[in-house]
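No value in this document is a laboratory result; all are computed from the given coordinates. These numbers come from a predicted model, not from an experiment. So basically every Cβ, Gly included, is an ideal-geometry build from the backbone, and we count neighbours across all protein chains shown.
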Amino acid sequence: MLDRDRRATERRIRQAKFPVVESLNSFDFLAIPSLNKAMGLELARSEFLARRKNALILGNSGTGKTHIALALGLAACLHGHRVRFTTAAALVSELIEARDEKKLLRLQKQLAS
């Protein structure tokens with residue numbers, strides 16, 4: 001049973017298409033004192049997903065947004081949620097391609113699930 005759970009978690013992490021696997025343990029919260037560490041750790045519990053809420057990460061270049069997004073995605077995978085990592089630019093490109101190929105509705109349904 002444990003092996004099955006481990007393989008399922010590994011599969012979710014692989015399917016998320018993370019460019020690298022990051023965790024909050026490796027994030028230096030002291031380097032960016034304006035970042036709320038407690039909020040980051042709360043989001044890592046993935047409870048907002050069960051409530052069907054979104055997390056929006058905003059900030060200047062070099063403030064660790066991608067690292068935190070990867071860490072939250074990894075935490076969600078560990079909690080049994082399916083995740084897909086993408087950048088805003090890649091998502092826009094994918095949406096445009098789907099529209100051009102008349103497959104936009106299908107892509108929107110995939111993203112909604």
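Given the options 46, 63, 27, identify the residue whose Cα lies farthest towards the positive end of the charge dipole of the chain (+1 on Cβ of Lys, Arg; -1 on Cβ of Asp, Glu).
Checked the options; the winner is 46.
For the chain, what are the DSSP H helices with axial Cα length of 30 Å or more and mean Kyte-Doolittle hydropathy of at least -0.5?
none
Hey, rough spin-label estimate for residue 101 and residue 55, points 7 angstrom out along Cα→Cβ, what's it come to in nanometres?
Taking the two extended label points, one gets 3.1 nm.
Compute, for the chain, the length of the dipole vector about the Cα centre, with Cβ point charges of +1 (Lys, Arg) and -1 (Asp, Glu) only. Units Debye, rounded to 20.
Roughly 540 debye, rounded to the nearest 20.
Taking the chain, how many lysine pairs are there with alpha carbons less than 27 Å apart, if each pair must be eight or more places apart or span two chains?
Final tally of qualifying lysine pairs is 12.
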